[in-house]
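The next block holds one structure in the form of structure tokens; read it before the comments.
The values are calculated or read from the model by the stated rules, or taken from the named source; none is laboratory data. All values reported here derive from a predicted model rather than from experimental measurement. Note that each Cβ is placed from the backbone with ideal geometry, even for glycine, and that neighbours are counted across all protein chains shown.
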Amino acid sequence: MKDSYLSDDELKAFIATLPTRRLAAGALIRNERGEMLLVKPNYKDGWILPGGTVEAGEAPKPGCEREIVEELGLDVKLGRVFADFPRLVAGCVGRFDLLHV
């Protein structure tokens, strides 16, 4: 595996703690000039949309809003859903659903 500060064994152990049906949500947030907010996570290389893993029983939109507060300290109310990517495959992570709001 790559793009993580965790060793392969540590990453596999962490993934094993996650729910078997995982859902992640990310937000497209722009400022008044139309610039898009991206975050550089400390657990992998590259830049991503803000958001994260939705908890069991949590809807994607409030889950994404919660993740943004937890990670960035921004209290945002998100708008409409714009994309749904069911059952992507991502290495050892396995099958998961990804929803960007």
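Within segment 9-38, restricting attention to residues that are in contact with a strand residue (DSSP E or B) (Cβ under 6 Å, 6 or more places away or on another chain) and crowded, with 16+ Cβ neighbours inside 10 Å, the residue that is farthest from Gly73 (Cα to Cα) is Arg22.
Yes or no, residue by residue, for (1) exposed (fewer than 12 other Cβ atoms within 10 Å of the Cβ); (2) farther than 13 Å from Gly26 by Cβ; (3) modelled with pLDDT under 85:
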{"position": "Lys40", "(1), (2), (3)": "yes, yes, no"}
{"position": "Gly52", "(1), (2), (3)": "no, no, no"}
{"position": "Pro62", "(1), (2), (3)": "no, yes, no"}
{"position": "Gly79", "(1), (2), (3)": "yes, yes, no"}
{"position": "Cys92", "(1), (2), (3)": "yes, yes, yes"}
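Quick one: in segment 9-66, of everything that is part of a helix (DSSP H, G or I) and touching a residue at least 12 places away in the same chain (Cβ under 8 Å), which residue is farthest from the chain's Cα centre (by Cα)? Top of the filtered list is Lys12.
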